[in-house]
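Asker: Have a look at this one.
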Amino acid sequence: MALINLRRLLDHAAENAYGVPAFNVNNLEQIQAIMEAAEQTSSPVILQASAGARKYAGEAFLRKMVEAAVEAYPRIPIVLHQDHGASPAACVQSIRSGFTSVMMDGSLREDAKTPADYAYNVDVTRRVVDMAHAVGVSVEGELGCLGSLESGLAGEEDGVGAEGALSHDQLLTDPAQAADFVASTGVDALAIAIGTSHGAYKFTRQPSGDILAIDRIQAIHRRIPDTHLVMHGSSSVPQEWLAILREFGGEIRETYGVPVEEIQEGIRHGVRKVNIDTDIRLVMTAAMRRAMAQDRAEFDPRKILRAAKDAARALCALRFEAFGAAGMAERVG
Ligand code: 13P
């Protein structure tokens, strides 16, 4: 199957009440791990590349590796999505390069740091929707800023994220404003702020409703039931992998992610795209630390990278299963 756009996949997900993990990719092993897990579980795939990924791998390498995934896995529908576009120009570049979906993150100004006002967000997002839809590319917008309800602080990760303190209003998407935003811009999917943030340090304790506002998803979904919602910052930061990371020399503070059951609750209320980057990075690094420590004579990077890939594949397969995407690959029309 050729690449498909996000709208087509998320319409299918909504009709069949499941969610699709959107995994961030930067290199060959991550793409292979995700595709192997998708093949194993018969799941449709969203591969997303951030500005950091494009800087790391180079746009041409990313594009060609995704082309290879399409060729190697002909029965798996794949969306190639640009994560956190900072400007209409960045989105146009990705569209030209063959992405089938782009995120215009107008919640922040073009520096990807300063919170933007609502009028700016509507303006840039609508401009991207006009251009993208003309060539069959889908658009994700964002309303509200990602950040911690626990600390009131925004979180920068991989070059994206507001700086400093944010108000409670900025940290939680307002349902009425979400309805106006979708009507004014025509976005295919909407990223909402509910207390999640990018990176490993999301919560200092197992999150409860006061710091992870799953009920806000329900309120937004009630207001705009036909809009596909997107949860950013959805890594679960598995404690068992943190333990392995620490056992083999990694230093990482006590921290908690978004429990899979909370994501499943979100999926019951309109979440269709679930962004995951940190978990893959975390399990790969933990697996590499362990592989290197357990065989200190090994100097072939392929052996180390194989351990990383195996760990990432297992994690991705679990998420495909948990979100209900498993078994759906053949059914996406
Ligand atoms: P995590 O850092 O929780 O994996 O979130 C990734 C993300 O939202 C990318 O847009």
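The values are calculated or read from the model by the stated rules, or taken from the named source; none is laboratory data. If you're wondering where the values come from, they're calculated on a predicted model, not measured in any experiment. Cβ sites come from the backbone with ideal geometry, for glycine too, and all protein chains shown count toward neighbours. What goes into the accessible areas is simple: the full protein's heavy atoms, side chains included, and nothing from ligands, DNA or RNA. Shrake-Rupley method; radii C 1.70, N 1.55, O 1.52, S 1.80 Å.
Asker: Considering region 254-289 alone, what residues qualify as being at negative phi and in a loop (DSSP other than H, G, I, E, B)?
Answerer: 254, 255, 257, 258, 259, 268, 269, 277, listed by residue number.
Each row is one residue, and each column tells you yes or no for (1) open to solvent by 10 Å² or more (accessible area, probe 1.4 Å); (2) free of Cβ contacts under 8 Å to residues at least 12 places away in the same chain; (3) within 13 Å of the ligand (Cβ to nearest atom).
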{"site": "208", "(1), (2), (3)": "yes, yes, no"}
{"site": "218", "(1), (2), (3)": "yes, no, no"}
{"site": "221", "(1), (2), (3)": "yes, no, no"}
{"site": "227", "(1), (2), (3)": "yes, no, no"}
{"site": "230", "(1), (2), (3)": "no, no, yes"}
{"site": "237", "(1), (2), (3)": "no, no, yes"}
{"site": "249", "(1), (2), (3)": "yes, no, no"}
{"site": "253", "(1), (2), (3)": "yes, no, no"}
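Asker: Being over 23 Å from residue 13 (Cα atoms) and in contact with a helix residue (DSSP H, G or I) (Cβ under 6 Å, 6 or more places away or on another chain) is the requirement here; does residue 317 meet it?
Answerer: Judged against the criteria, residue 317 is not a match.
Asker: Do we find a residue being in a helix (DSSP H, G or I), closer than 25 Å to residue 270 by Cα and polar (S, T, N, Q) anywhere in region 141-160?
Answerer: The answer is no; no qualifying residue exists.
Asker: Turning to a different aspect of this structure: Taking only pairs six or more apart or across chains, which ones have beta-carbon atoms under 8 Å, a first residue in region 93-111 that is without any contact (Cβ under 8 Å) to a residue 60 or more places away in the chain, and a second residue that is more than 14 Å from the ligand (Cβ to nearest atom) and of a type in the set (Lys, Arg)?
Answerer: 97/63
Asker: Next up: Go through 191, 176 for me and flag whichever is within 15 Å of the ligand (Cβ to nearest atom) and not β-branched (Val, Ile, Thr).
Answerer: 191
Asker: How many residues, within region 112-141, are charged (D, E, K, R), touching a helix residue (DSSP H, G or I) at 6+ places or on another chain (Cβ under 8 Å) and within 21 Å of residue 175 (Cβ to Cβ)?
Answerer: 2
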